[in-house]
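A quick write-up on the structure given underneath.
The values are calculated or read from the model by the stated rules, or taken from the named source; none is laboratory data. Predicted, not measured: the structure shown is a model, and the values here were computed from it. With ideal geometry, Cβ positions are generated from the backbone for all residues, glycine too; neighbour counts draw on all protein chains shown.
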Amino acid sequence: MASTSDNSAVGMPQLDFSTFPNQIFWLVVFCVVLFAIVKFFIIPRMEDIFANRRKIIDGNIAKAEEIRLRVNEIEKQIEEELQKAKSQCDEIMSTSGNNIKEQMALALEDSKIATTQLISEAEGRLKELRDGSEAAIEKISEELASEIISKISRGK
Amino acid sequence: MEKQSAFNIHPMDQFIIDPILTGDSLEWYSFTNQALWMLISLVSISFVFIYGSRKHQLVPGRLQSIAELLYFFIRDMIIDIAGQEGLRYFPYIFTLFILILFGNVLGLLPYSFTYTSHIAVTGFLALSVFIAVTIIGFVKNGLGFLSLFWISSAPLALRPILLIIEVISYFVRPVSHSIRLAGNMMAGHAVIKVFAGFAGALGLGAIAPIFAITAVYGLEMLVVVIQAYVFTILTCVYLNDALHPGH
C-alpha cells in the first residue's frame, strides 16, 4: 500500500508503485512550468546580458582600434615632420657651406688683386727710385767730373 | 517494535511520499512532500536566475555569476559534445540540468525531500531523453540512424556481434541513466541517516558518527553536483549519437 506519514517505510519507498502516478503527475507539471520559465525568462535574460556584454566589449575593441589608427597617423606625421626638418637642415647646411666657400674664394681673389697691385706699385716705386738714383748718380758724377776738371785745371 | 526504540534507525523513511494536504489518502493529484520540494526548487531557480540577474549587470554580482556560470557551462558543453546543431535542444537540456541540480542540492538540506532520489522521477526523465533522442535520430537521419548499431569501422565478421552489443547497450541506456542518479542520491542520504541514527544512540560517543556525517556530507556536496553533470553530459552524448550516428 501507499506509505503514510506515521508508518515507517517497508523496504524501499522508491519501489512503491502506487505512488508512481502521483509522482509522475507532479513531475510533468514541474517540468512544464520549469521549461516555460527557462524558455521565456531565463534564456532571453541570459542572452540579453551576454549580448550587451559582447556589444560593449566589441565597442571598446573598436574604439581601441580607432585610437591605434590615430596614433599611427600621428606617428607618421611626426616622422614626416622630422624628415622635413632634417632635409631643411641639410639644405641650410649645404647652402651656407657654399656661401662660405664663395666668400672665401671672393676674398682670395680680392687679396690676390690687392697683392698684385701692391707688388706692381712697389716695383714702380723701385723703378722710380732706381731711375732717380741713376739720374742722381749722373748728376753727381757730372758735378764730380766738373769739379774734378776744375780742380785739375786749377791745379795746372 | 519495543526493541527498535533503543536503536531507532529508519534510513528509508526520508523517501516516503507523504500527501501533506489531503491527509492520508494518496491520489494521483494529491499535493505531496515531493511536489512541495519541486515547488521550492522552482522558487529557488527563479530566485537565482530571475531575481539574481534582474539588473542585467555588465559585471555580474554573486547570484548573477552563479546563473551565468551554470548557463554558459551547459551551453558550452552542448557545443563541445553535440556541435552547433545541438544548441537547438539547449532549452530542454538546460531545464533538465537545473531540475536535477536544484533537486540534488536542495535535498542536502536537513528535513528536505530529494525528488531526484526517486526512480519514478529519474526513470521518467531518462525515458523522456531516450524517446526524444530516438525520435530525433530517426527524423534527422531516417533509416541512416540505424548505422549507429552497424559499426562500419570494425571488421565485417565482428559486426553482427557488435550489432547485438550495441542494440542491447542502446536499450539499457535509460535504465543506467536513471538508476545511476537515483541510486547515488538515495545511497548518500541513507548513509547520512544511518550515521545520524548511530549518533542518536551513542550519547557522548556520538562525536565519531557526527564526524562521519560531516565527511559524508562533504562528499555528498560533490556527488550531487557531479551526478547532475553526469546526467546532463550523457544526455548530450546521446543527443550527439542521434545527430551524428555515423560515429
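Kindly provide the set of residues from region A:56-107 that are more than 16 Å from the chain's Cα centre (by Cα) and of a type in the set (Ser, Thr, Tyr), ordered by number.
The answer is A:Ser94, A:Thr95, A:Ser96.
Could you give me the residue pairs with C-beta distances under 8 Å whose first residue belongs to region A:86-108 and is surrounded by 10 or more Cβ atoms within 10 Å (Cβ to Cβ), whose second residue is at pLDDT 95 or above wherever it lies, and which are 6+ apart or on separate chains?
Close Cβ pairs (under 8 Å, with a partner that is at pLDDT 95 or above) do not exist here.
Run down B:Phe102, B:Phe113, B:Phe94, B:Phe130 and say which single residue is under 16 Å from B:Gln227 (Cβ atoms) and either in contact with a strand residue (DSSP E or B) (Cβ under 9 Å, 6 or more places away or on another chain) or modelled with pLDDT of 95 or more (or both). Steps first, please.
Details: B:Phe113 fails: under 16 Å from B:Gln227 (Cβ atoms); B:Phe94 fails: under 16 Å from B:Gln227 (Cβ atoms); B:Phe130 fails: under 16 Å from B:Gln227 (Cβ atoms).
From the options B:Phe102, B:Phe113, B:Phe94, B:Phe130, the qualifying one is B:Phe102.
Assess whether B:Tyr115 counts as being crowded, with 22+ Cβ neighbours inside 10 Å, among the aromatic types (Phe, Trp, Tyr) and in contact with a Phe, Trp or Tyr (Cβ under 8 Å, 6 or more places away or on another chain).
yes
Against the conditions (1) in contact with a Lys or Arg (Cβ under 8 Å, 6 or more places away or on another chain); (2) touching a residue at least 24 places away in the same chain (Cβ under 8 Å), where does B:Ser53 fall short? Just the number, please.
The failed condition is (2).
What tally of residues in region B:120-144 results from selecting those that are surrounded by fewer than 21 Cβ atoms within 10 Å (Cβ to Cβ) and either touching a residue at least 40 places away in the same chain (Cβ under 8 Å) or within 12 Å of chain A (Cβ to nearest Cβ) (or both)? Spell out the reasoning first.
Going residue by residue through region B:120-144, those that are surrounded by fewer than 21 Cβ atoms within 10 Å (Cβ to Cβ) are B:124, B:127-128, B:130-132, B:134-136, B:138-144.
So of that shortlist, the ones also either touching a residue at least 40 places away in the same chain (Cβ under 8 Å) or within 12 Å of chain A (Cβ to nearest Cβ) (or both) come out as B:124, B:127-128, B:130, B:132, B:134, B:136, B:140-141, B:144.
Looking only at that region, the number is 10.
Take the residues in region B:40-54 that are facing chain A (nearest Cβ under 8 Å) and closer than 23 Å to B:Ile119 by Cα; name whichever of them is surrounded by the most Cβ atoms within 10 Å (Cβ to Cβ).
Applying the first criterion (facing chain A (nearest Cβ under 8 Å)) to region B:40-54 yields B:41-42, B:45-46, B:49-50, B:53.
When the remaining residues are screened for being closer than 23 Å to B:Ile119 by Cα, the result is B:41-42, B:45.
Numbers: B:Ser41: 25, B:Leu42: 18, B:Ile45: 22.
Here the residue is B:Ser41.
Tell me, yes or no, whether region B:75-96 has at least one residue that is of a type in the set (Asp, Glu), more than 19 Å from the chain's Cα centre (by Cα) and facing another protein chain (nearest Cβ under 10 Å).
No - not one qualifying residue is present in region B:75-96.
If I ask for residues that are among the aromatic types (Phe, Trp, Tyr), exposed (fewer than 15 other Cβ atoms within 10 Å of the Cβ) and within 20 Å of B:Gly137 (Cβ to Cβ), which ones from region B:158-212 would you list? Outline the logic, then answer.
Looking only at region B:158-212, we keep the residues that are among the aromatic types (Phe, Trp, Tyr), and these are B:170-171, B:195, B:198, B:211.
When the remaining residues are screened for being exposed (fewer than 15 other Cβ atoms within 10 Å of the Cβ), the result is B:171, B:211.
Result: B:Phe171, single match.
Output the residue which, of all residues in region B:55-73 that are closer than 20 Å to B:Ala228 by Cβ, among the aliphatic types (A, V, I, L, M) and more than 8 Å from chain A (Cβ to nearest Cβ), is surrounded by the most Cβ atoms within 10 Å (Cβ to Cβ).
B:Leu70
Only residues that are more than 7 Å from chain A (Cβ to nearest Cβ) and either surrounded by fewer than 16 Cβ atoms within 10 Å (Cβ to Cβ) or not polar (S, T, N, Q) (or both): list them for region B:28-39, please. Spell out how you get there, then give the answer.
Of region B:28-39, the ones more than 7 Å from chain A (Cβ to nearest Cβ) are B:31, B:33, B:36-37, B:39.
Scanning region B:28-39 gives B:Phe31, B:Leu36, B:Trp37, B:Leu39.
Are any residues in region B:150-174 in contact (Cβ under 8 Å) with a residue 40 or more places away in the chain, in a helix (DSSP H, G or I) and over 13 Å from the mean Cα position of the chain (by Cα), and if so, which ones?
The one that is in contact (Cβ under 8 Å) with a residue 40 or more places away in the chain, in a helix (DSSP H, G or I) and over 13 Å from the mean Cα position of the chain (by Cα): B:Arg173.
Can you pull out the residues in region B:13-26 that are farther than 20 Å from B:Ile192 by Cβ, more than 7 Å from chain A (Cβ to nearest Cβ) and not hydroxyl-bearing (Ser, Thr, Tyr)?
Taking region B:13-26 as the starting set, the residues that turn out to be farther than 20 Å from B:Ile192 by Cβ are B:19-26.
Going one step further and asking which of them are more than 7 Å from chain A (Cβ to nearest Cβ), we end up with B:19-23, B:25.
Selection gives B:Pro19, B:Ile20, B:Leu21, B:Gly23.
Kindly establish whether B:Ser147 is over 30 Å from A:Phe17 (Cα atoms), among the polar types (S, T, N, Q) and in a helix (DSSP H, G or I). I'd like the intermediate steps shown before the answer.
Working: over 30 Å from A:Phe17 (Cα atoms): yes; among the polar types (S, T, N, Q): yes; in a helix (DSSP H, G or I): yes.
So B:Ser147 fits the description; yes.
Does at least one position in region B:81-98 carry a residue that is part of a loop (DSSP other than H, G, I, E, B), touching a residue at least 12 places away in the same chain (Cβ under 8 Å) and either in contact with a Cys (Cβ under 9 Å, 6 or more places away or on another chain) or loosely packed, with under 13 Cβ neighbours inside 10 Å (or both)?
To start, the set of residues in region B:81-98 that are part of a loop (DSSP other than H, G, I, E, B) comprises B:83.
Of the ones still in play, those that are also touching a residue at least 12 places away in the same chain (Cβ under 8 Å) are B:83.
The next check asks that each one be either in contact with a Cys (Cβ under 9 Å, 6 or more places away or on another chain) or loosely packed, with under 13 Cβ neighbours inside 10 Å (or both); those that pass are none.
For region B:81-98, residues part of a loop (DSSP other than H, G, I, E, B), touching a residue at least 12 places away in the same chain (Cβ under 8 Å) and either in contact with a Cys (Cβ under 9 Å, 6 or more places away or on another chain) or loosely packed, with under 13 Cβ neighbours inside 10 Å (or both): absent.
Yes or no: B:Gly183 in a helix (DSSP H, G or I), at pLDDT below 95 and closer than 21 Å to B:Ala126 by Cα? Write out each step before concluding.
Values: in a helix (DSSP H, G or I): yes; at pLDDT below 95: yes; closer than 21 Å to B:Ala126 by Cα: yes.
Yes: the conditions hold for B:Gly183.
Which of the following residues is among the hydrophobic types (A, V, I, L, M, F, W, C), closer than 23 Å to B:Tyr115 by Cβ and touching an Asp or Glu at 6+ places or on another chain (Cβ under 9 Å): B:Ile226, B:Ile233, B:Ile192, B:Ile213? It would help to see each step written out before you state the result.
Numbers: B:Ile226 fails: touching an Asp or Glu at 6+ places or on another chain (Cβ under 9 Å); B:Ile233 fails: touching an Asp or Glu at 6+ places or on another chain (Cβ under 9 Å); B:Ile213 fails: touching an Asp or Glu at 6+ places or on another chain (Cβ under 9 Å).
Only one candidate qualifies: B:Ile192.
Could you check region B:228-247 and list, in sequence order, the residues that are of a type in the set (Phe, Trp, Tyr) and closer than 15 Å to B:Glu166 by Cα? Walk me through how you get there before you give the answer.
Restricting attention to region B:228-247, the residues satisfying the condition of being of a type in the set (Phe, Trp, Tyr) are B:229, B:231, B:238.
If the condition is that a residue be of a type in the set (Phe, Trp, Tyr) and closer than 15 Å to B:Glu166 by Cα, then B:Tyr238 is the only one that fits.
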